[in-house]
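Worksheet: the structure to be examined is printed underneath.
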Amino acid sequence: MINRICIFEDQFYRRLLPLVYTRPVYDLRCGILTLGEKIQRRYAGASTTLHVRKYLADSLRRERGNTSINAFDNEGYLFLNGRILASSDLPVQIPLSGKDALYVHAGTLVAARINAGSHNVLGGIVPDILDVATFANIPTLEIETREICFPWDLIANNGGEIVSDIALRALPSEPKIKGTVYDGAHLVNRDDILIGEGTKIKPGVVLDAENGPVCIGNNVTVFPNAVIEGPAFVGDRTLIKVGAKIYENTSIGEVCKVGGEVEASIIHSYSNKQHDGFLGHAYLGKWVNLGADTNNSDLKNNYATVKVIIDGKAVDSGSMFMGLVMGDHSKSSINSMFNTGTVVGVSSNVFGSGFPPKFVPSFSWGGSDNLTTYDPERALDVAGRVMARRKIELSSVDRTMLMAVFELTKHERASFAFENRTTR
């Protein structure tokens, strides 16, 4: 009997760059939980092994402690693609135990059940990615599942996943409101509002759950006159600033500072958008800072679908609404403007007048007038100072990982013909 799952990465992780330069695909947030957390909760009770690209393995080990990473013995596993958007019927479609089988959806490996000693991937050398070819000569079943293929899939599914994730997180016996709601705050459709311990909802705040739940974590402060429209999620220890306007289908992770206007966006964690300015249909990574009055467009003037540069190619998102995708440790200056479907890589510093290019490579410095390479040592020093303000160390493991990203993204900067111009 199999009682272990392995959450793995496949070759299509590249469609989720730059967000996954610094994390495995299953650590992306959609709703309240990450993709990997959803999978684990659907297979509650099974132990978990994680598969990840090798340059990310040490940072993941540091983060996950005793979790087994990139190590398979000869016992059985149910391998599950980390891009799955795990629904409640996933364990029914793909049972934990049974005969060896591959589960495929439209050519994508969704899962592989491998019993003890039945395949050479068990106990063998672990490849950087797993795909159908990894598990040769195993019976294949075609199934229907939802997978996250591109960044806009995370955004489009976010509201529905907030609703689903509340069912996975909340215990019916627990009180829904544990924090302090001050006189003068207004809770609309109170039964669909969850407020964690130590959280303060100040006077003048409106939490509106009429069109979907509002879930607020522990030790959050929502300052006066802020409005949060559901479905929405705010993570632990985050600050929602005075007068903030947080519209539906928005998830804000842990230890963020958020103000201004935000709609249908995901802010991963430890990121700041403190001031006025619009962020819509966007995904911000970790340790991002948007300067005052930073705005992104999420709708073209001609109402056409938005094309996005993904792994060097323009891909039609199929949506009229698509804003900014920004990788970890990137920043914008005050009054920055981003066009529809702009992608900014890891550790970039964007500033200057006008719109920057719709694709800003990782470790870039500048904007519409000029882009140069952001010296990686300088970028890492800044990252260390930023993290220290939250009493978190930029470890040698983190530095090694980010330097690996710098090397992996040289081709991006070379394509903009500024590789030899490095800011000091």
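We did not get these values from a lab; they are worked out from the coordinates using the rules stated. These numbers come from a predicted model, not from an experiment. So basically every Cβ, Gly included, is an ideal-geometry build from the backbone, and we count neighbours across all protein chains shown.
What translational diffusion coefficient, to the nearest whole µm²/s, does the range 1-124 have by Stokes-Einstein, given a Kirkwood radius computed over alpha-carbon pairs, a temperature of 20 °C and 1.002 mPa s viscosity?
For the chosen part, D equals 145 µm²/s.
Determine the dipole magnitude for the chain: charges of +1 sit on the beta-carbon of Lys and Arg, -1 on that of Asp and Glu, nothing else is charged, the reference point is the Cα centre, and the result goes in debye to the nearest 20.
Here the chain has a charge dipole of around 880 debye.
Check residue 315: other-chain or 5+ apart residues with amide H under 5 Å from its amide H, H built from backbone geometry?
Amide H neighbours of residue 315: 308, 309, 310.
Run the reach check for residue 38 against lysines, Cα to Cα strictly under 19 Å, same-chain hits fewer than 8 apart removed. What comes back?
Of all the lysines, none pass the test against residue 38 - Cα under 19 Å, at least 8 places apart if same chain.
If the cut-off is 14 Å between C-alpha atoms, which aspartates and glutamates fall inside it for residue 313, apart from same-chain ones fewer than 8 positions away?
Result set, ordered by chain and number: 412.
Quick one: if the Förster radius is 41 Å, what FRET efficiency do residue 44 and residue 11 give, using the C-beta to C-beta distance and rounding to 0.05?
That pair, residue 44 with residue 11, gives E of 0.90.
Residue by residue, what Karplus-based ³J(HN,Hα) values in Hz, rounded to whole numbers, does the range 99-104 have, using 6.51, -1.76 and 1.60 with θ = phi - 60° and x for Gly and Pro?
Result, rounded to whole Hz: 6, 4, 6, 9, 10, 10.
Rounded, prolate or oblate, given the Cα gyration tensor of the chain, with a/c below 1.5 counting as rounded?
Oblate.
Straight-line reach from residue 286: which aspartates and glutamates have Cα under 12 Å away, leaving out those fewer than 8 places along the same chain?
Of all the aspartates and glutamates, those that pass the test against residue 286 - Cα under 12 Å, at least 8 places apart if same chain - are 27, 254, 328.
Of 200/331; 307/358; 202/257; 245/273; 202/241, which pairs sit farther than 21 Å apart, going by alpha carbon to alpha carbon?
Result: 200/331 exceed 21 Å.
Can you tell me what share of the DSSP beta bridges in the chain is antiparallel? A percent to the nearest 5 is fine.
20
Which ³J(HN,Hα) values, rounded to whole Hz and listed in residue order, are derived for the range 247-253 from phi using the Karplus coefficients 6.51, -1.76 and 1.60 in 6.51 cos²θ - 1.76 cosθ + 1.60 with θ = phi - 60°, glycine and proline given as x?
8, 4, 6, 10, 10, 10, x
Remind me, relative contact order of the range 8-50 in percent, using alpha carbon pairs under 8 angstrom and six or more residues apart?
25
Arranged from highest to lowest average of other beta-carbon atoms within 10 Å per residue, in what order do the peptides 378-390, 350-362 appear?
Descending packing order for the listed peptides: 350-362, 378-390.
Report the Rg/Rh value for the range 244-380, based on alpha-carbon coordinates and the Kirkwood definition of Rh.
We get a ratio of 0.94 for the range 244-380.
Could you give the length gained on full extension between residue 300 and residue 99, defined as 0.36 nm per residue of separation minus the Cα-Cα distance, in nm?
Answer, rounded to one decimal: 67.3 nm.
Using 0.36 nm times the number of residues separating residue 320 and residue 403, minus their current alpha carbon distance, what extension gain do you get?
Between residue 320 and residue 403, full extension yields an extra 26.3 nm.
Only counting other Cβ atoms within 10 Å, I'd like 242, 220 sorted with the fewest neighbours first.
Ranked by crowding around the Cβ, least crowded first: 242, 220.
Along the Cα→Cβ direction, 7 angstrom out, place labels at residue 63 and residue 370. What is the inter-label distance in nm?
If labels sit at residue 63 and residue 370, their model points lie 3.6 nm apart.
Just to be sure I understand: of the beta bridges DSSP finds with both ends in the range 329-424, what percent are antiparallel, rounded to 5?
So the antiparallel bridges in the range 329-424 amount to around 25 percent.
I'd like to know which of 397, 149, 310 lies farthest towards the positive end of the charge dipole of the chain, counting +1 on Cβ of Lys and Arg and -1 on Cβ of Asp and Glu.
Towards the positive end, the residue furthest out is 397.
Tell me, what HN-Hα J-couplings in whole Hz come from the Karplus equation 6.51 cos²θ - 1.76 cosθ + 1.60 at θ = phi - 60° for each residue of the range 37-49, using x for Gly and Pro?
Computed from phi, the couplings for the range 37-49 are 4, 4, 4, 4, 6, 6, 10, 4, x, 7, 6, 10, 10 Hz.
Nearest 5 percent is fine: what portion of the DSSP beta bridges confined to the range 4-148 is antiparallel?
45
What is the extension gain from residue 191 to residue 385, computed as 0.36 nm multiplied by their sequence separation minus the C-alpha to C-alpha distance, in nm to one decimal?
65.6 nm
What is the calculated FRET efficiency for residue 182 to residue 71, with r their C-beta to C-beta distance and R₀ = 56 Å, to the nearest 0.05?
Given R0 = 56 Å and the Cβ-Cβ separation, E is 0.65.
Name the long-range amide H neighbours of residue 280: under 5 Å, sequence gap of 5 or more, or other chain; modelled H, no Pro or chain starts.
Result for residue 280 returns 263, 296, 324.
Let me have the relative contact order for the range 27-87, percent, based on Cα pairs under 8 Å that are six or more residues apart.
40
Give me 412, 144, 377, 161 ranked fewest to most by other Cβ atoms within 10 Å of their Cβ, as a rough exposure proxy.
Ranking 412, 144, 377, 161 by Cβ neighbours within 10 Å, fewest first, gives 144, 377, 412, 161.
If the only charges are +1 at each Lys and Arg Cβ and -1 at each Asp and Glu Cβ, what is the size of the charge dipole of the range 4-148 around the Cα centre, to the nearest 20 debye?
Magnitude of the dipole: close to 400 debye.
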